1. Can you go through 82, 66, 22 and tell me which one is part of a loop (DSSP other than H, G, I, E, B) and touching a Ser or Thr at 6+ places or on another chain (Cβ under 7 Å)?
2. Out of the residues in the range 106-124 that are in a loop (DSSP other than H, G, I, E, B) and surrounded by 12 or more Cβ atoms within 10 Å (Cβ to Cβ), state the one that is modelled with the lowest pLDDT.
3. Could we say that residue 53 is aliphatic (A, V, I, L, M), surrounded by 12 or more Cβ atoms within 10 Å (Cβ to Cβ) and either part of a helix (DSSP H, G or I) or not assigned by TED's automatic domain parsing to the domain that holds residue 149 (or both) here?
4. Kindly indicate which of 47, 34 is surrounded by 11 or more Cβ atoms within 10 Å (Cβ to Cβ), hydrophobic (A, V, I, L, M, F, W, C) and more than 20 Å from residue 106 (Cβ to Cβ).
5. Which one is modelled with the lowest pLDDT among residues in the range 1-19 that are of a type outside the set (S, T, N, Q) and assigned to a loop (DSSP other than H, G, I, E, B)?
6. Considering only residues of the range 134-172 that are within 16 Å of the chain's Cα centre (by Cα) and in a loop (DSSP other than H, G, I, E, B), which is modelled with the lowest pLDDT?
7. Could you please find all residues in the range 30-43 being part of a helix (DSSP H, G or I) and at pLDDT 95 or above?
8. I'm checking my understanding of the structure. Among residues of the range 70-92 that are among the charged types (D, E, K, R) and either out of contact with any Phe, Trp or Tyr (no Cβ under 8 Å at 6 or more places or on another chain) or outside the structural domain of residue 102 (by TED's automatic domain parsing) (or both), which one is surrounded by the most Cβ atoms within 10 Å (Cβ to Cβ)?
Amino acid sequence: MPVVHLFEQPERFVAGTVGEPGQRTFFLQARAGARVTSVALEKEQVAVLAERVDDLLDELLRVTGGDARVPAVAPQELDDSGPLDQPIAEEFRVGTMTLAWDGESEQVVLEIFSIEPTAVEDAPEPEEESEPDEVLEVHLSPALARAFAKRAQSVVSAGRPPCPFCGNPLSEDGHICPRANGFRRVSE
């Protein structure tokens, strides 16, 4: 039975980073009162989650003809540009995530599962699918979900600029660009 960190309508649910661009660690953080849960994940997971949350809310607006209580954009009063709550204690590293709409409570439901430990090469294959050790379950109002997606997209785009040729991130001293046959491209 996994440990479930449940947050129903948290005071705060945000994506954030620790470290300098190129060396950042990405986190999702939920807070309710004095209880704070932080989970680490990859930049791409943050980007995809933000995109999918927006897509889900856009689809709800489209299907209901605008009758659902879903804001088209993030409400300005929910903008959150503050740093992650301290101390940041990583509960687990994120593996898979699920996203759903609970029509009864009119909430976005995120289930964020811990990554399974890497398998030892000589270990026998498990006969049945194993459960993750931990789960972060967050229930968000549509407005808070829009605000989360907006901030998450901002956090992802705040990194190093992409190379105009290959799309890989540029560092201050440039990078070896695969589209330039190995020549070093320097950021301008």
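The values are calculated or read from the model by the stated rules, or taken from the named source; none is laboratory data. From a predicted model like this one, the values you see are computed outputs, not experimental measurements. Don't worry about glycine lacking a Cβ; one is built from the backbone with ideal geometry, like all the others, and counts go over all protein chains shown.
1. So the residue among 82, 66, 22 that is part of a loop (DSSP other than H, G, I, E, B) and touching a Ser or Thr at 6+ places or on another chain (Cβ under 7 Å) is 22.
2. To start, the set of residues in the range 106-124 that are in a loop (DSSP other than H, G, I, E, B) comprises 106, 115-124.
Next, from what is left, pick out any that are surrounded by 12 or more Cβ atoms within 10 Å (Cβ to Cβ): 106, 115-116.
Numbers: 106: 92, 115: 90, 116: 74.
Among those residues, the one meeting the criterion is 116.
3. Yes: the conditions hold for residue 53.
4. Among 47, 34, only 47 is surrounded by 11 or more Cβ atoms within 10 Å (Cβ to Cβ), hydrophobic (A, V, I, L, M, F, W, C) and more than 20 Å from residue 106 (Cβ to Cβ).
5. 1
6. Result: 159.
7. At the first step, the residues of the range 30-43 found to be part of a helix (DSSP H, G or I) are 43.
Passing the criteria: none in range.
8. Applying the first criterion (among the charged types (D, E, K, R)) to the range 70-92 yields 77, 79-80, 85, 90-91.
So of that shortlist, the ones also either out of contact with any Phe, Trp or Tyr (no Cβ under 8 Å at 6 or more places or on another chain) or outside the structural domain of residue 102 (by TED's automatic domain parsing) (or both) come out as 77, 79-80, 85, 91.
On the way: 77: 7, 79: 12, 80: 14, 85: 15, 91: 19.
Per the criteria, the residue is 91.
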